[in-house]
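The values are calculated or read from the model by the stated rules, or taken from the named source; none is laboratory data. None of the values given here were measured: they were computed from a predicted structure. When we count neighbours, we look across all protein chains shown, and the Cβ atoms used for this are built from the backbone with ideal geometry, even at glycine. For the accessible areas, the whole protein counts, side chains as well, though only heavy atoms, and no ligand, DNA or RNA atoms are used. Shrake-Rupley method; radii C 1.70, N 1.55, O 1.52, S 1.80 Å.
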Amino acid sequence: MVFTVKAGYSNDIEIRSSVEKVREFFLDIHNFGELMPGVQQVHTDAKGIAHWKVQTEIPVVGQILQKFALELAENTADRIEWAPIRTEAENFLRYSADVLEKAKKITHVQFSHMGRLRRKTARDLH
């Protein structure tokens with residue numbers, strides 16, 4: 001049996017700027033991390049792996065601080081997505097931003113942030 005905790009967050013915003021400038025902004029992992037709730041620190045190592053430190057409150061379990069290793073999974077004209085590295089077995093985090101031109105110099109951005117922690121027991125989260 002495996003104990004699993006899941007959480008998610010999404011939001012939509014409009015930015016008065018070109019879609020190219022907005023994509024460039026969100027492609028910078030530090031900008032992306034600063035806008036997401038609970039992200040304490042973002043660091044990219046020499047291999048291009050992004051290490052995210054996230055703090056959150058989980059009912060019954062309490063406040064936890066977890067580290068997640070992510071890689072850039074999608075970098076297309078309308079989507080930027082960071083996903084867990086392929087070898088990850090416990091801490092899964094996925095961040096994405098869909099970037100769409102709504103009108104000239106007005107860009108619509110839809111954020112999505114989903115996390116999942118898997119442990120043998122709830123005690124393993126402490």
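Structure notes:
- Flag if T44 is more than 26 Å from T4 (Cβ to Cβ) and either among the charged types (D, E, K, R) or surrounded by 12 or more Cβ atoms within 10 Å (Cβ to Cβ) (or both): yes
- The residue list L70, L117 contains one member that is over 17 Å from G33 (Cβ atoms), under 17 Å from the mean Cα position of the chain (by Cα) and open to solvent by less than 20 Å² (accessible area, probe 1.4 Å), which is L117.
- Taken over region 28-75, the criterion of being of a type in the set (A, V, I, L, M, F, W, C) and over 20 Å from A97 (Cβ atoms) is satisfied by A46, I58, V60, V61, I64, L65.
Residue by residue, here is whether (1) out of contact with any Gly (no Cβ under 6 Å at 6 or more places or on another chain); (2) within 22 Å of N11 (Cα to Cα); (3) touching a residue at least 24 places away in the same chain (Cβ under 8 Å); (4) hydrophobic (A, V, I, L, M, F, W, C) holds:
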{"residue": "D45", "(1), (2), (3), (4)": "yes, no, no, no"}
{"residue": "A50", "(1), (2), (3), (4)": "yes, no, yes, yes"}
{"residue": "T56", "(1), (2), (3), (4)": "no, yes, yes, no"}
{"residue": "K67", "(1), (2), (3), (4)": "yes, no, yes, no"}
{"residue": "A89", "(1), (2), (3), (4)": "yes, no, yes, yes"}
{"residue": "V109", "(1), (2), (3), (4)": "yes, yes, yes, yes"}
{"residue": "S112", "(1), (2), (3), (4)": "yes, yes, yes, no"}
{"residue": "K120", "(1), (2), (3), (4)": "yes, no, yes, no"}
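- Out of E34, E20, E57, sole residue that is in contact with a strand residue (DSSP E or B) (Cβ under 7 Å, 6 or more places away or on another chain), open to solvent by 90 Å² or more (accessible area, probe 1.4 Å) and of a type in the set (D, E, K, R): E57
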